[in-house]
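A short write-up of the structure that comes next.
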Amino acid sequence: MLLKPKAKNARAKRFLVNRDPKIVENSKTALFVRGSTTSQVILDTLKDLYSLRKPDAINFTKKNEIHPFDDETSIEFFARKNDSSLFAVGMHSKKRPHNLILGRTFNYSILDMVELGVEHCTPMQQFKSQACAIGMKPLMIFNGEAFNQNEALVRLKSILLDLFRGEAADKVSLKGLEYVITVTAGPAGANGETGLVFFRTYTTALKKSGTRQPRVELEEMGPSLDLRVRRV
Amino acid sequence: MDVTGILDEHKSRFKTIQVDRLIPAELDLGLLACFDVNMIDESKLRANQKTRDSYLRELSREGAQLMVNELFSLPTTVDEDSVYATLPKVRTVLPREKPAPKEKPMTRWEKFAKIKNIQNKKKSRVVYDEEQGEWRPRFGFKGVNNDDQKPWLIEVPGNADPYEDQYQARREEKKERIDKNKRRQQRNFEESVATEKGMKPRDMRKRELQQALVLSKGSTASMGKFDEKLAGEPKVKGLKRKFDPLVKNADKEKSNNMEILNRVAKGESKATVLNVRKAQRAINSAKRSKK
């Protein structure tokens with residue numbers, strides 16, 4: 001898309017101006033794409049991540065031949081057409097089972113990405129707690145010193161922060177702190193394999209504590225994923 | 001009066017909100033994030049799923065408690081019936097989506113307004129029309145500005161031709177105003193393009209004319225040698241047409257003819273014919289535009 005499209009009426013012009021680079025940017029849109037073969041596990045993961053990311057998310061339901069690590073052009077094309085700067089591609093193959101690739105773009109070209117293997121997934125439907133409203137900002141917790149040391153995990157932390165950031169806001173309603181996302185870096189395996197990263201989501205319930213700050217009680221909701229970092 | 005007993009009883013009724021941590025966790029409240037570098041109990045994580053999940057839940061609860069404690073001690077504003085905490089600025093650096101926009105150069109009017117210190121006065125969309133007793137838009141459909149286009153009577157001014165159509169005259173004036181505006185917008189656009197490239201707009205136009213001239217000369221069979229030249233037109237160097245000599249080498253003539261015949265027999269396809277000159281130009285222009 002080397003030619004800049006020309007707007008023929010005011011509505012088109014407003015649409016293009018919205019997509020232009022700005023000093024204070026719009027909140028990032030995330031794109032959820034399926035690879036050529038998918039498994040139930042990976043489909044559940046994508047569906048849950050999409051529902052956590054709504055409304056700034058686009059879900060593609062058709063399967064696409066995409067291999068982001070080999071060929072960046074298809075991802076960049078999608079990003080340009082949909083004006084999305086975050087993407088998540090899910091695929092499944094014998095060599096890389098239940099593969100999830102999370103990534104970011106800058107100026108419609110890939111900035112960085114992380115490939116994760118979903119070892120275990122418990123989708124939102126299996127938890128009996130109530131789902132929370134769409135568009136709430138989550139509290140995010142990153143446990144483990146590996147998130148500051150291991151280069152792959154540092155990148156993963158940055159991407160997850162971007163993905164679950166929600167709208168940029170300078171005020172938050174104290175009643176609206178509805179859910180918590182915890183990411184914990186597990187220990188490395190005995191034979192030198194990278195450890196699992198535990199991703200858990202909980203809804204918060206603020207209980208009385210006798211002081212001004214309430215006590216937090218958590219109840220598991222939302223996807224629970226055990227991820228293993230494969231490639232960066 | 002010994003109140004401590006009552007206080008202790010009161011405290012014991014509620015679960016504690018204290019969280020103890022060896023290394024204090026780093027909080028980025030602007031993002032609602034908490035980075036905890038304390039040691040994790042690895043044995044619990046390696047154990048079976050149930051202990052692992054409950055351990056993770058404990059960790060999460062403590063982390064969330066830390067954050068909630070901090071959040072509730074931030075300055076708050078009350079709006080309608082919910083209390084809002086003002087978040088501090090985001091401390092973690094997250095990459096931008098698109099590069100920052102460049103500053104646009106000022107147009108001619110903007111430069112003039114800056115010198116004369118003219119402020120932009122905001123005008124209302126609707127204006128009260130006394131005649132009709134209604135609020136009408138200032139411009140656009142049924143706008144006040146179009147009232148002079150369709151009056152039921154136009155007086156012929158003293159100096160005008162009596163057979164001239166005054167309605168037509170008014171319409172033409174309006175059209176001229178619109179065209180003038182469009183020409184000015186185009187001029188502003190060209191000037192901004194020129195200043196972004198670092199040239200004066202006049203030099204830019206000169207360069208464009210030069211390029212058009214060379215192209216037009218090359219389009220003629222004699223490479224523009226016999227065209228009418230304007231006064232002051234620069235001489236174009238290096239635009240010649242090559243003619244083969246009348247008496248050629250027999251081998252050369254044979255190979256040329258065979259080449260032509262082969263092309264005709266095979267049929268030219270895009271893969272076989274490569275115009276090296278055009279390809280090189282395309283690569284060069286792509287390099288320049290990428291810069």
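Tabulated data
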read-out	value
Cα-based Rg of the stretch B:68-159 normalised by 2.2 N^0.38 Å, two decimals	2.19
Chain B, Cα convex hull volume normalised per residue, Å³	567
Accessible area per residue in Å² at 1.4 Å probe, computed on the stretch A:17-132	49
In degrees, nearest ten, helix B:201-219 long axis to first principal axis of chain B (Cα)	50
The protein assembly as shown: antiparallel DSSP beta bridges as a percent of all, rounded to 5	75
Relative packing of peptides B:24-34, B:248-258 - highest average C-beta neighbours within 10 Å first	B:24-34, B:248-258
Per-residue average of Cβ from other chains inside 10 Å of B:49-59	4
Packing-based order for B:221-230, A:102-111, B:86-95, B:237-246, using average beta carbon neighbours within 10 Å, highest first	A:102-111, B:86-95, B:221-230, B:237-246
Solvent-accessible area buried by A and B, counting both chains, probe 1.4 angstrom, square angstrom	5500
Under the Debye formula (equal points on every Cα, no solvent term), log10 I(q)/I(0) of the stretch B:165-291 at q = 0.10 Å⁻¹	-0.70
Cα long-axis angle, helix B:166-197 against chain B (0 to 90 degrees, to the nearest 10)	70
List A:Glu72, B:Glu130, ordered by accessible area with a 1.4 Å probe, largest first	B:Glu130, A:Glu72
Pairwise FRET efficiency - B:Phe243 versus B:Ser219, Cβ, R0 = 22 Å, nearest 0.05	0.75
Chain B: relative contact order in percent, alpha carbon pairs under 8 Å with at least 6 residues between	8
More than 32 Å apart - percent of Cα-Cα pairs taken over the protein assembly as shown	65
Peptide-level mean, for B:26-34, of C-beta atoms on other protein chains within 10 Å	6
Listing of the stretch B:78-103 residues, each with accessible area lower by at least 30 Å² in the full protein assembly than in the chain alone (probe 1.4 Å)	B:Val83, B:Tyr84, B:Ala85, B:Leu87, B:Leu94, B:Pro95, B:Arg96, B:Glu97, B:Lys98, B:Pro99, B:Pro101
Cα centroid of the stretch A:93-127 to Cα centroid of the stretch A:1-57, whole Å	17
Inverse of mean 1/r across different Cα pairs in the stretch A:26-90, Kirkwood, Å	12.0
Value in Å of the Kirkwood radius, where the stretch B:99-146 supplies the Cα pairs that are averaged	14.0
Order of exposure, largest accessible area first, which applies to B:Lys200, A:Lys47 with probe 1.4 Å	B:Lys200, A:Lys47
1.4 Å probe accessible area per residue over the stretch B:74-148, in Å²	88
Calculated [θ] (222 nm, deg cm²/dmol) that DSSP helices of n ≥ 4 give over the protein assembly as shown, each run adding -39,500 (n - 2.57)	-11000 deg cm²/dmol
Average beta-carbon neighbours from other chains, 10 Å sphere, peptide A:165-172	5
Violating pairs (Cα-Cα greater than 30 angstrom) within the set B:Lys102/B:Lys237; B:Lys225/B:Lys254; A:Lys137/B:Lys50; A:Lys81/A:Lys171; B:Lys182/B:Lys225; A:Lys13/B:Lys150	B:Lys102/B:Lys237; B:Lys225/B:Lys254; A:Lys81/A:Lys171; B:Lys182/B:Lys225; A:Lys13/B:Lys150
Enclosed volume per residue, in Å³, of the convex hull spanned by Cα atoms of the stretch A:55-175	168
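The values are calculated or read from the model by the stated rules, or taken from the named source; none is laboratory data. Keep in mind the model is a prediction, meaning the values are calculated, not measured. Reconstructed Cβ throughout: ideal geometry from the backbone, glycine too, with neighbour counts over all protein chains shown. All accessible areas refer to the heavy atoms of the entire protein, side chains included, with ligands and DNA or RNA removed. Shrake-Rupley method; radii C 1.70, N 1.55, O 1.52, S 1.80 Å.
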